[in-house]
Structures are given as structure tokens and as C-alpha cells.
1. Among the candidates LEU138, LEU146, LEU114, LEU99, single out the residue that is within 28 Å of PHE300 (Cβ to Cβ) and touching a Cys at 6+ places or on another chain (Cβ under 7 Å).
2. Aliphatic (A, V, I, L, M) and crowded, with 22+ Cβ neighbours inside 10 Å: does that describe VAL57?
3. If PHE222 satisfies all but one of (1) within 23 Å of VAL61 (Cβ to Cβ); (2) modelled with pLDDT under 90; (3) touching a Phe, Trp or Tyr at 6+ places or on another chain (Cβ under 8 Å), what's the number of the condition it fails?
4. Among THR98, THR77, which is the only one that is assigned to a helix (DSSP H, G or I), at pLDDT 90 or above, open to solvent by 40 Å² or more (accessible area, probe 1.4 Å) and more than 22 Å from ALA142 (Cα to Cα)?
5. When both residues are 6+ apart or on different chains and their Cβ atoms are under 9 Å apart, which pairs have a first residue that lies in the stretch 81-96 and is over 22 Å from PRO42 (Cβ atoms), and a second that is assigned to a loop (DSSP other than H, G, I, E, B)?
6. Consider the stretch 251-298. How many of its residues are over 19 Å from SER223 (Cα atoms), among the β-branched types (Val, Ile, Thr) and more than 19 Å from the chain's Cα centre (by Cα)?
7. Taking the stretch 4-40 on its own, how many of its residues are open to solvent by 50 Å² or more (accessible area, probe 1.4 Å) and either of a type outside the set (A, V, I, L, M) or in a strand (DSSP E or B) (or both)?
8. Restricting to the stretch 63-74, give me the number of residues that are touching a residue at least 12 places away in the same chain (Cβ under 8 Å) and surrounded by fewer than 20 Cβ atoms within 10 Å (Cβ to Cβ).
Amino acid sequence: MTTTNSRAGRAVLMASHCAGMVDMVALPVWVGTLIAAYHLDPQQGGGIVTLFLAGAVLASVVFAPRFNRISGRVAATLGFGGASLAFFAASLTNDFATLAALHAVGGFAAGTGLSFTHGTIGRSVNPHRLFGMVGMALGIFAVPFLGATPQIVAAFGGSALFRVFALVMAIATVMAAIAFPTPDAESEISKAHRDAGVRLPRAVWFGIFGVSAMALVQAMIFSFVERMGADRGFGVASVSAVLLALGIANMFPAGIAAVLDKRLDARTVVLVGPAVQAVLALVVAQSSGFVPYAVAASVFVSVMLFTHTFAFGQLARLDVTGRAVAATPAMVMIGSAMGPIVGGTIVKAVGYGGLGVAALAIDVVAVLMFARMTRGAKPQVGALA
């Protein structure tokens, strides 16, 4: 039996996290490819990606409450396998309606695998640290992905992007089938809460809304980072360098957050994170110069990765049943799902500058939600320290 504390188990969770959270890395290339290679407008391109993310949200809503009753290995294998097939099929068509449908199916499948991945992490000895480790794996994965994928798309066309996605999902499928770990034993208090139908604490819901708000800002800005640079005339080489720098920067925040688990106050981190995100969003969206755009864009995603690691740890402590962290795909992707189409609509209506103003307003809401989560919130009895 593979456990969450084994090397094999952690490797599978890392691969599964990279596959299920591919949008955190791929959004600018994804939306940019749909616009440039498939000749969609920003609203249509963002809308197709939104369908993938909406499918992932639906899967999380369906399966998170059932996390303790379904085999994680079976669910993850079938989920990532289905996503691989959907993306491969997407590489064979240019039809808008077919692409949209396949994105929705692929999102539901990938979201299924991701729900069981995050639920399993939540039932580990130290959810904060393990989530930091899989987040660091995502950052490492981002470097070759953002470095190579734009070049692959330029050389072989837009369909190549979907074949890359299919390959990523296929690797996760094989690894999950071989060694997807079994969650650590459920505590007696968790069983009692689940059997009695105890509802999630109010503080957990505020945390979920806070994470969703930050995810919305991230997706709204990140989806158009590549297009903003291209439309401002910064050049393909310069914009590609920014994306590569972004990938390199993403290697570190989750790992640093895992190391700083006991050294930083999580309540402070989740309050400061949205404020920093808002400042960077304003710079990226409204800067006409390359240097401010490049610096802010390079570290933009890092803020979400760092803050979310601490938020994940807080939610795992507040809810001992694992339901809240199993719903991580829903809380992240409900924001991410809205981001591309909301961002595309804003860009179509008022231009890129409007994205910064919208980001500021949403991040104010995120700060308020996290403040309510941390105000007097106490872990449930039996929660992991």
C-alpha cells in the first residue's frame, strides 16, 4: 500500500497536482493560442478556457463530499485518463462548438482527479507542508512548459498545445494507476463529524470565498499577460522571456511557504497576499513600459502560490474531515473559471487597463473574507497541527 509519506506517494501527488492545476501554468499560452491560432476574440478564447475550469468546479462539487467513500486511485486514474482523451480529441478539430464541449468534458475529468489528489493531501500528517511540496513541483513543471510550449505551438500550430496537455494528463494517469497513495487513517473525530452530518464551520466558508476571489484575479490577469505584452509591441522574444522568468519564479514560493509553516503567522500571510496581488495586477494591466510589466508579471503568480499554501493549511486545521481541502479545485477554479471570460469581456469593453481596476476591487473582497476567516477561528478538535 502506497502512503502519503512515501516517496512514490508524494511523486504521484506531485504529478497529479501538476496535471490538475495545469491552468495555473498554462493560461497565457492557452488563451493566447486560442486567439492567435484559432482566430477567436478575447471573449470567445476566455470562454472556452472557462468551460474547462467550470467542468473542474462541477467535478469538485460532486466528488468532494464523497471523498471518503470512493477509491482515490480509481478516481484519479479515470479522471486524468478521461482528460487526456478529451485534449487529444481537441487537437483534431477546429470547430468552436466541439472545442468548447471537449474543454468542458476535459475539465470535469481533470477536476475529478484533482479533487481526490487534494483530499488525499488534506488527510496527510502535515497538509501544509505536503501542499507546499506539490506546489513547488508545479513551479518546477512551469519552467519547461512555459519555455518550450510557445515554441512548439509556433512550430506545429495551435493543435500542438492540446497534444501537450494530453501528454501531461497521460503521465498523471499512468502514475496514479501504479501508485496513487491511500489517505492517512481517518480520525475518530472526523468520522463522528461526517456520520453526524456536521456542517463546515463558517470560518471555512469565508476562507473558501477568499481563495476564490484571489483565483479570479489571478486568472483574469494571467490569461492576458501574453496578449498584453504582444499588443504593446514588446516582441515575441521579450514576452517569451517574461513567461520563462515567471516559470522560474514559480519554482520557489510554495516550497518557501512549506519551510516557513511554523515561522510565519498564517493569518497575516492571507491578509497581505491579496493586497500584494492587487498592486502587481495594477502594474501589469496599466504599465506601458516593458520593465515594470516584466517585473510585475514575473512574480504575479508567485503571490497566489505562496498565499494559497498558507490558506490550505488553515483550512485543513479548521476542518478535520478533509471535505474543505478536497474542495480546493472548486474554490480555486470557480474563480479561475470566471477569470478568462470576465477578463475577456473587460478587455473587449474598455481595454487592458480595466483589468487592474477590477482586480483591485476583487482583492479588497478577498482581504475582507480572509479577515473573517481568521477572526476568532479555532481548529476543530482533532485537527492536524
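1. Values: LEU146 fails: touching a Cys at 6+ places or on another chain (Cβ under 7 Å); LEU114 fails: touching a Cys at 6+ places or on another chain (Cβ under 7 Å); LEU99 fails: touching a Cys at 6+ places or on another chain (Cβ under 7 Å).
Going through LEU138, LEU146, LEU114, LEU99 in turn, just one is within 28 Å of PHE300 (Cβ to Cβ) and touching a Cys at 6+ places or on another chain (Cβ under 7 Å): LEU138.
2. yes
3. (1)
4. Working: THR77 fails: open to solvent by 40 Å² or more (accessible area, probe 1.4 Å).
That would be THR98, the only listed residue that is assigned to a helix (DSSP H, G or I), at pLDDT 90 or above, open to solvent by 40 Å² or more (accessible area, probe 1.4 Å) and more than 22 Å from ALA142 (Cα to Cα).
5. Close Cβ pairs satisfying both conditions: SER91/GLY158.
6. The first filter runs over the stretch 251-298 and keeps only residues over 19 Å from SER223 (Cα atoms), leaving 251-273, 275, 289, 291.
Right, trim to among the β-branched types (Val, Ile, Thr) and you get 256, 259, 268-270, 272, 291.
Next, only the ones that are more than 19 Å from the chain's Cα centre (by Cα) stay: 259, 268, 272, 291.
Going through the stretch 251-298 one residue at a time, the tally reaches 4.
7. Residues meeting the conditions: 4.
8. Filtering the stretch 63-74 for residues touching a residue at least 12 places away in the same chain (Cβ under 8 Å) gives 63-65, 67-68, 70, 72-73.
Then keep just the ones that are surrounded by fewer than 20 Cβ atoms within 10 Å (Cβ to Cβ); that gives 65, 68, 70, 73.
Residues in the stretch 63-74 being touching a residue at least 12 places away in the same chain (Cβ under 8 Å) and surrounded by fewer than 20 Cβ atoms within 10 Å (Cβ to Cβ): 4 in total.
The values are calculated or read from the model by the stated rules, or taken from the named source; none is laboratory data. This structure is a prediction, so every number in the text was calculated from the model and none was measured. When we count neighbours, we look across all protein chains shown, and the Cβ atoms used for this are built from the backbone with ideal geometry, even at glycine. Just the protein is used for accessible areas: all its heavy atoms, side chains included, with ligands, DNA and RNA removed. Shrake-Rupley method; radii C 1.70, N 1.55, O 1.52, S 1.80 Å.
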